[in-house]
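The values are calculated or read from the model by the stated rules, or taken from the named source; none is laboratory data. Here the structure is a predicted model, which is why all the values come from computation and not from measurement. Note: ideal-geometry Cβ built from the backbone for every residue, glycine included; neighbour counts use all protein chains shown. Note: accessible area is taken over every heavy atom of the protein model, side chains too, but ligands, DNA and RNA are not part of it. Shrake-Rupley method; radii C 1.70, N 1.55, O 1.52, S 1.80 Å.
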Amino acid sequence: MTANLETRAGRPWIFRRWPAIAAIIFAAALSAALWVGFSDTAQMSQVLTAAGFVYLGSAALGSRRAAWSLFGLTFVVIGIGYAVPGLDPTWVLLGGGAVLAVVGLVRGALRPGWGLPLQLLAMTVIAAVAVAVMFIGQPAAGLLVGVGLLAHATWDVVHFRSRRVVMPSMAEFCAVLDTLLGLVVIAAAFLR
């Protein structure tokens, strides 16, 4: 048995790192869309908004497992936003986040402090970034979104290590996606 390629259970390493591999593929697709002009900085900010929505939703519902379902929902909402002119997924995600926050409050999810209260604060900051991007031009918008994604990548690592709010697989996926996409968005803001 090769120690570097297999886990203790005898499974190949790829099964342990599937979230990172999926994130690399996802980031490559989003980056290509940005570079060829199919997407723009405002649409990249939707990824940041979606990340906040997933964490807030998981905390509000009190379920780490809900993270992947919430991610699927954001994927659908952003996809519909690409297909339906005039529908801005940012507002849908922010509105959905507000609904989830109310659900969490009704459920009594104010404790622990690292749950709903902290995730609501993070979503408020993300909402401010998303709205600011609507009103400022490049390169400031790209820099703001890129730094926001890199900051969220740090958020993901903290949650990956603490095993709180979302599943570790979601935190790993998000950390890799946010890091790669954040760097690309910053580069695109200055090079395109």
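Being within 21 Å of Cys174 (Cα to Cα), surrounded by 13 or more Cβ atoms within 10 Å (Cβ to Cβ), in contact with a Ser or Thr (Cβ under 8 Å, 6 or more places away or on another chain) and modelled with pLDDT of 95 or more is a description that does not apply to Leu73. Just one of (1) assigned to a helix (DSSP H, G or I); (2) open to solvent by less than 40 Å² (accessible area, probe 1.4 Å); (3) not hydroxyl-bearing (Ser, Thr, Tyr) fails for Val165. It is (1). Return yes or no: is Gly137 open to solvent by 70 Å² or more (accessible area, probe 1.4 Å) and in a loop (DSSP other than H, G, I, E, B)? Against the criterion (open to solvent by 70 Å² or more (accessible area, probe 1.4 Å) and in a loop (DSSP other than H, G, I, E, B)), Gly137 does not qualify. Checking each residue in the stretch 10-66 for being on the phi < 0 side of the Ramachandran plot and outside any helix (DSSP H, G or I) picks out Arg11, Pro12, Arg16, Arg17, Val36, Phe38, Ser39, Asp40, Ser63, Arg64, Arg65.
Within the stretch 1-59, if we keep just the residues that are among the hydrophobic types (A, V, I, L, M, F, W, C) and in contact with a strand residue (DSSP E or B) (Cβ under 8 Å, 6 or more places away or on another chain), the residue that is modelled with the highest pLDDT turns out to be Trp13. The condition (being closer than 24 Å to Leu177 by Cα, more than 14 Å from the chain's Cα centre (by Cα) and either buried (at least 17 other Cβ atoms within 10 Å of the Cβ) or of a type outside the set (Ser, Thr, Tyr) (or both)) is satisfied by just one residue among Val84, Val99, Val103, Val131: Val131. Of all residues in the stretch 61-103, those satisfying the criterion of being of a type outside the set (A, V, I, L, M) and touching a residue at least 60 places away in the same chain (Cβ under 8 Å) are Arg64, Arg65, Trp68, Phe71. Within the stretch 148-166, is even one residue over 17 Å from Ala59 (Cα atoms) and in contact with a Leu (Cβ under 7 Å, 6 or more places away or on another chain)? Yes, the stretch 148-166 contains at least one residue that is over 17 Å from Ala59 (Cα atoms) and in contact with a Leu (Cβ under 7 Å, 6 or more places away or on another chain).
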